[in-house]
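The values are calculated or read from the model by the stated rules, or taken from the named source; none is laboratory data. Computed from a predicted structure; not experimentally measured. Positions of Cβ are backbone-derived with ideal geometry, glycine not excepted, and every protein chain shown enters the neighbour counts. Ligands, DNA and RNA are stripped out before the accessible areas are found, and what is left, the full protein with its side chains, is counted by its heavy atoms. Shrake-Rupley method; radii C 1.70, N 1.55, O 1.52, S 1.80 Å.
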Amino acid sequence: MRIIRGIAASPGIAIGPAHVFQPEDLHVPVQFVSNPEAEWQRMQEAFQKAKNQLQEIASQAAGRLQQQDVAIFEAHLQMLEDPELQASVQAAILHEGKNAESALMENAERYAVQLESLNDEYFRARAADIRDVARRCLRILLGKPQPDITLLQPSILVARDLTPSDTVLLDKSRLLGFCTAEGGATSHTAILAKALGIPAVVGAGPQVLEIEQNQQLVLDAWHGQVVLDPSEDILKQFQDKQRAARAQAAQERADAAKPAITRDGRRVEVVANVGHLDDAHQAVALGAEGIGLLRTEFLYLDRQTEPDEEEQYRAYRAIFEVMGERPVVIRTLDVGGDKALPYLDLGHEENPFLGWRAIRMCLDRPAFFKTQLRAILRAAVGHDIRIMFPMIATVREVRQARALLEEARLELEHAGVPFGRQIQVGIMIEIPSAALMADALAKEVDFFSIGTNDLTQYTLAVERTNKRVAHLSNALDPAVLRLIARVIEEGHRAGIWVGMCGEMAGDERALPILLGLGLDEFSMAPTLIPHAKALIRSCSLEACQAIARHSLTLSDYTEVETYLQAVNSLA
Ligand code: PEP
Ligand code: MG
């Protein structure tokens, strides 16, 4: 028996034989060519062949594919036609004389890194798509076959890492779990595993590749470990745990639509973070009481021109209709700085996270901003819609944003276009200055939603995408907790509600502290909702208040984590 440790990326236990998937490594030849025109022609032929392959797979698999898989094919086809990528590859070949393979891979990688820096699951998935579709073209250029995974029996899939197209044709009914050598908690494998609700351990290192075909495994994705050739005793223990966990998860899902009320009667709202229409359907199915963060970025990226009012109106309306009467907090555009939207001319910045992002860019482009505001106002008719401004640092910005919202309203009024009139207006609290000014800001708005991803980054001065300083970044740090406590207290003093839509809201370890601090609304990935609601029902507000009070007195996040573990083992 041997144990390999990795990162728990999607919880659960899987027991079964390994299916080892090891596609051949691809080497990218780097050369200069004597006939760039002919090389560009070869590149275009490869793009065309890749398109044909994708269309062929899509038609073979028609009817068998799930919604998210269809989306992957569509995204890949779109990327093959992306003029920005095409133009940069063309320039590298025609102007710099590079060979097709290196021109393609360098430019695809640059594009993928840009998307990854947005630190959002949706965009990270797009980065994986770009790398994936580029490798498809590379294989075509090198004359290599495309890899294929066929599971002949229920198995745990073991691989170095998995790309979206590796997994598209996978028979998911035979898939017990994933174990990968590479990848982090937000890799494609992790996202897919969470969406399918199956266990995954990722980033478990090269030892994973020594696992043999059909070797018996226990994948313990609660603790991020893989047990190879488990003894009878261990196997029995895990089988019992697996049964209990399945029963618990089934119960939590059955109870998902019920409210989240603590044992001593405090009710909080549990709502979803949503990036596009599919998430909204999933959110409703998993018991979301609304949307606490609708990221509107999805409409603006991966395209050459800005979406017009009509297109935005239809996209928002479709999501609002799925949510029916449930409240939806829709966040105005949060891009800029680190993501060059070709039609926005954002320019280069040395420190994009401290730059012209989100509301800052929108306030400087009133016509562009008001297009989005009008689309939201129109789509809001008949729904409970709340508009939220991101990256607010000062009171003045809130006033400016509200003034533009008022202008958008008047424009619709004058044009005789119907729009929603009962709309709450709120802000994200994700910059320390906003947390410190919460008393003043609370007088300007109807609600706050705390964005702990950015609040942690700015409080601890740790860029959220920089792996070298990642160990310093933790929302449980008392410095961040003290700001959260202040925001909730000042919000309540002014009579407004306070929610949270950063990742921390879905972190079960943080839940007692946030309940204890008085948070009113928890917004998280839809799949986390049933378990979060179950946990809230098992808590007592009074006990959580004591936990919160004590956590605020500790000196760093390691102390908070140790304390929470101790409290949990007592509970
Ligand atoms: C946050 O900063 O916590 C947040 C929810 O916004 P985003 O991750 O989209 O920046
Ligand atoms: Mg943010």
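At-a-glance table
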item: Cα-based shape type of region 190-238, given that a ≥ b ≥ c are square roots of the gyration tensor eigenvalues and the cut on a/c is 1.5; result: oblate
item: Neighbour-limited loop hits for GluC sites (Glu not before Pro), region 79-170 (at most 16 other Cβ within 10 Å; DSSP other than H, G, I, E, B); result: GLU81, GLU96
item: Chain lengthening between ASN568 and ALA470 when straightened (0.36 nm per residue, less Cα-Cα); result: 32.8 nm
item: Per-residue HN-Hα couplings for region 531-539 [Karplus 6.51, -1.76, 1.60; θ = phi - 60°; Hz; x = Gly/Pro]; result: 5, 4, 5, 4, 5, 4, 5, 8, 8
item: Interchain or long-range residues, amide H under 5 Å from ILE429's placed H; result: SER449, ILE450, GLY451
item: FRET E, pair ARG160, ALA440, Förster distance 45 Å, beta-carbon r, rounded to 0.05; result: 0.30
item: Hydrodynamic radius by Kirkwood, which averages 1/r over all alpha carbon pairs of region 263-570, in angstrom; result: 19.9 Å
item: Label-point separation in nm, LEU354 to ALA318, each point 7 Å along Cα→Cβ; result: 4.0 nm
item: For LEU341, distant residues with modelled amide H under 5 Å away; result: LEU346
item: Beta bridges per DSSP with both ends in region 263-570, % antiparallel, nearest 5; result: 5 percent
item: Share of Cα-Cα pairs in region 472-512 lying beyond 12 Å, as whole percent; result: 64 percent
item: Region 121-266, Cα convex hull volume normalised per residue, Å³; result: 154 Å³
item: Stretch gain in nm, segment ALA367-LEU26, where the contour uses 0.36 nm per residue and the Cα spacing is subtracted; result: 118.0 nm
item: Extension gain from LEU152 to ARG399, taking 0.36 nm per residue of separation minus the Cα-Cα distance; result: 82.8 nm
item: Under 19 Å from the ARG486 label point (7 Å along Cα→beta-carbon), backbone N, region 394-423; result: 394-398
item: Over the chain: helical MRE at 222 nm, DSSP H runs n ≥ 4 each giving -39500 (n - 2.57), nearest 500; result: -15000 deg cm²/dmol
item: Centroid-to-centroid separation of region 1-53 and region 407-463 [C-alpha atoms, Å]; result: 42 Å
item: Under 5 Å, built H, 5+ apart or other chain: amide partners of ILE291; result: ALA272, VAL328, VAL329
item: Region 268-346: chymotrypsin sites (Phe, Trp or Tyr not before Pro) in DSSP coil with no more than 13 other Cβ atoms inside 10 Å; result: TYR343
item: Rel. contact order, % - alpha carbon contacts under 8 angstrom, at least six apart, the chain; result: 14 percent
item: From phi via Karplus (6.51, -1.76, 1.60), per-residue ³J(HN,Hα) for region 263-275 in Hz, x at Gly/Pro; result: 4, 9, x, 8, 9, 10, 8, 10, 10, 10, 8, 10, x
item: Ellipsoid equivalent to the chain - semi-axes via the Cα gyration tensor, in Å; result: 38, 34, 22
item: Average accessible surface area per residue within the chain, 1.4 Å rolling probe, Å²; result: 43 Å²
item: Backbone HN-Hα couplings from phi across region 164-179 [Karplus 6.51/-1.76/1.60, Hz, Gly and Pro as x]; result: x, 6, 4, 9, 4, 8, 5, 7, 6, 6, 9, 8, 8, x, 10, 9
item: Neighbour cut-off at most 11 other Cβ (10 Å), DSSP loop, GluC sites (Glu not before Pro), region 335-441; result: GLU350
item: Fraction of accessible area attributable to carbon and sulfur, the chain (%, probe 1.4 Å); result: 50 percent
item: Inverse mean reciprocal Cα-Cα distance (Kirkwood Rh) of region 443-552, Å; result: 14.4 Å
item: Global geometry of region 272-390, whether rounded, prolate or oblate, following the gyration tensor of its Cα atoms and the 1.5 cut on a/c; result: prolate
item: Prolate/oblate/rounded label for region 36-142 (Cα gyration tensor, a/c 1.5); result: oblate
